[in-house]
1. Within segment 11-23, is there a residue that is assigned to a loop (DSSP other than H, G, I, E, B), open to solvent by less than 50 Å² (accessible area, probe 1.4 Å) and modelled with pLDDT under 90?
2. Out of contact with any Phe, Trp or Tyr (no Cβ under 8 Å at 6 or more places or on another chain) and in a loop (DSSP other than H, G, I, E, B): which single residue out of LYS61, LYS102 fits that description?
3. When you look at GLY111, is it open to solvent by less than 40 Å² (accessible area, probe 1.4 Å), touching a strand residue (DSSP E or B) at 6+ places or on another chain (Cβ under 7 Å) and under 20 Å from LEU7 (Cβ atoms), yes or no?
4. Considering each of PRO90, PRO6 in turn, give the residue that is part of a loop (DSSP other than H, G, I, E, B), in contact (Cβ under 8 Å) with a residue 60 or more places away in the chain and of a type outside the set (A, V, I, L, M).
5. I'd like the residue in segment 32-49 that is surrounded by fewer than 19 Cβ atoms within 10 Å (Cβ to Cβ) and over 18 Å from THR112 (Cα atoms) and, out of all such residues, is modelled with the highest pLDDT.
Amino acid sequence: HINRSPLAGLVKYRYYRPGKFIPAFKSHASEINEKNFIGIENRSFKLMVCQITGFIARRIKCWVDEGHMLAAGEIIGIIKFGSGTEIFIPAGSILLVKKGDKVRAGETIIGTLPGD
């Protein structure tokens, strides 16, 4: 699974956390599986992307480091052979998607800040 930057901005934070490799669809997989955190911010927005391994997907590749300037939709990494990805956005953001919507990497706008 290829991971893309959800917004244009600067990589301000990157942290790798070792962990287990339970199936990514399990509700607690995010809490205990291997993860890579990527904090991205621009003038008006900060968010965190988390690459999470799974039972079979045991290799996270991240191609960006702190200080890297990203374009929206730019490829930032890959999780090999099945995985999960989480995006944490600021409280108060206006979500433009809802549960069950199909989203497309590099195309779907997930949310905005009020006034943007």
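1. Within segment 11-23 (the criterion being assigned to a loop (DSSP other than H, G, I, E, B), open to solvent by less than 50 Å² (accessible area, probe 1.4 Å) and modelled with pLDDT under 90), the answer is yes, since at least one residue qualifies.
2. One residue alone meets the criteria, LYS102.
3. yes
4. Only one candidate qualifies: PRO6.
5. Once the filter is applied, the top-ranked residue is PHE37.
The values are calculated or read from the model by the stated rules, or taken from the named source; none is laboratory data. Keep in mind it's a predicted model, so treat the numbers as computed, not measured. Reconstructed Cβ throughout: ideal geometry from the backbone, glycine too, with neighbour counts over all protein chains shown. What goes into the accessible areas is simple: the full protein's heavy atoms, side chains included, and nothing from ligands, DNA or RNA. Shrake-Rupley method; radii C 1.70, N 1.55, O 1.52, S 1.80 Å.
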